[in-house]
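The values are calculated or read from the model by the stated rules, or taken from the named source; none is laboratory data. Just so we're clear, the structure is a prediction, and the values are computed from it rather than from any experiment. Don't worry about glycine lacking a Cβ; one is built from the backbone with ideal geometry, like all the others, and counts go over all protein chains shown.
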Amino acid sequence: MRRALSLRLLLGLALVLSLSGPVQAKPMVLVFHQVGAGGGASLGIAPDALRRRVETLRRLGYRFVTSSEAARAPAAERVAVIQFDDGFESVYRLAFPVLRELGVPGTTYIIWSRLGQAGSLTPAQVKELRAAGWEVGTHSQSHAALADLSPRGLRRELGPAGGEGPARDPAASPEAGVRCVAYPLNRHDARVRREAQRQGLTCGVAGGPAPLTRTDPMALPAPAITPWDDTLLPMRARWGVDARTPLLVAGVLGPALDGLGRPHPSALPPRTWNLAHHELLGNGLVSAGVRAGGGGLERDTRLAWREGAWSVNLAARRGVGPDGGSYAGLGAALNLGALNLAPVTLAAGLDSGGPLLGGAVALGGYGEVWGRASRVPDGWTWAWGATLIPADYVQVSGAQDRAGAQLGLRAALPWQSGEGRPLRLGGGYRWGEGAGPYAELEYRVGSYSVTAEVSGARRFGVKFVAVW
């Protein structure tokens, strides 16, 4: 028991120290949408506030560049990007004059199905922005949640309208000549990044805090702005923190400190935990869930952090079964596909029982199959599972371990398609532990989601997830 507690504390402290180290936010990407209207995190900014942000970063030694220039900049250079998503007409009317006066190029990411509509940029305005040194990127054809699409859907959303492939002649249309993509809702994964490259794109903006090591040009960080950046911007530029930082710290300290000082019998790893998480992972993920019923309150925490071809994955469970069992595990995974070797990810680590091994195989853009093995007091235990995306906004998943199995289906309702279809319904069946049918209702706001679950085992659960 002491060994398990010590492991949790060591893992937690190591990750907290790594996340709170002096990471310089390079490049520093400020993402806005509307100009002169709205407010709040990453939504709107007034022209005078935009001027102050530029002046603040200049005092801190930043040079302003476009997205594609930032992706190619040396790691030691301080560069900043002023980015506008969605292609609102207010960017041309209100932001363009301010940045032109300051000698700063901007980057605007356009939803191509809205080009020329009321309130959006026109082809003539796009041409003028380009002539002034701005970069024009793609925000997909229809602002779809790219990580929820099948390979065919990804080609449709990331390729030029009216055809597929990398042919992009800057003189042909406003959409041509695009080099970078801003992933709508900050949702992307390895499948999305690969398809973007196949479409001739050379950089992508993913949102989220700065990486610990070298930046991935296909997933540039863009920490969420705040209404208080007149004060907080120097700290954000220095440390790379954003709105998710408290969630990351809680995701590490929560499992480490939960139940501190109380004995806990060992529990099996979470059935659906993929130690070799990479194919369906963006730059990171943190989730926290609670489930009531069965005589107690079960807590489940997951955290994943990707650094190029590597990822770190943490899982913890508390309050499992009538005895309140616990589990904590941490592993590192290497994706061989990113090294042009094989569509395979290999993982290893430690948990509260000893060594931990895992692996996953990508399924040609349709998902992955994974497996996991770990030590428990009476020997080795195992689990395997799969997640498939056979059609746009449809996900089929299954998992099995020695305590049982489950099979589930989730689909997004065709509502608010321009916001990635935020409402999803799901359900399935579990055998063994927690046996019986279950149903889920998920609602997303950008890169955050809340899921409620009810099951035939008279259990109710709620889970919060943030991705980037």
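Looking only at residues in region 236-270 that are at pLDDT 75 or above and touching a Lys or Arg at 6+ places or on another chain (Cβ under 9 Å), the one that is nearest to Ala288 (Cα to Cα) is Pro270. Scanning region 66-110 for residues being within 21 Å of Ala176 (Cβ to Cβ), touching a strand residue (DSSP E or B) at 6+ places or on another chain (Cβ under 6 Å) and of a type in the set (A, V, I, L, M) gives a total of 2.
One residue stands out in region 356-385 among those that are more than 21 Å from the chain's Cα centre (by Cα) and among the aliphatic types (A, V, I, L, M): the one that is surrounded by the most Cβ atoms within 10 Å (Cβ to Cβ), namely Ala383. Would you mind stating whether Pro209 is closer than 21 Å to Gly420 by Cα, at pLDDT below 95 and not aliphatic (A, V, I, L, M)? Against the criterion (closer than 21 Å to Gly420 by Cα, at pLDDT below 95 and not aliphatic (A, V, I, L, M)), Pro209 does not qualify. Residues in region 386-416 that are in contact (Cβ under 8 Å) with a residue 24 or more places away in the chain and out of contact with any strand residue (DSSP E or B) (no Cβ under 7 Å at 6 or more places or on another chain) were compared, and the one that is surrounded by the most Cβ atoms within 10 Å (Cβ to Cβ) is Asp392.
Of the residues making up region 393-443, just one is in contact with a helix residue (DSSP H, G or I) (Cβ under 8 Å, 6 or more places away or on another chain), under 22 Å from Gly365 (Cβ atoms) and either charged (D, E, K, R) or not assigned by TED's automatic domain parsing to the domain that holds Trp380 (or both), namely Arg421. Here Ala224 passes the criteria (1) outside any loop (DSSP other than H, G, I, E, B); (2) touching a strand residue (DSSP E or B) at 6+ places or on another chain (Cβ under 9 Å) except the one numbered (1).
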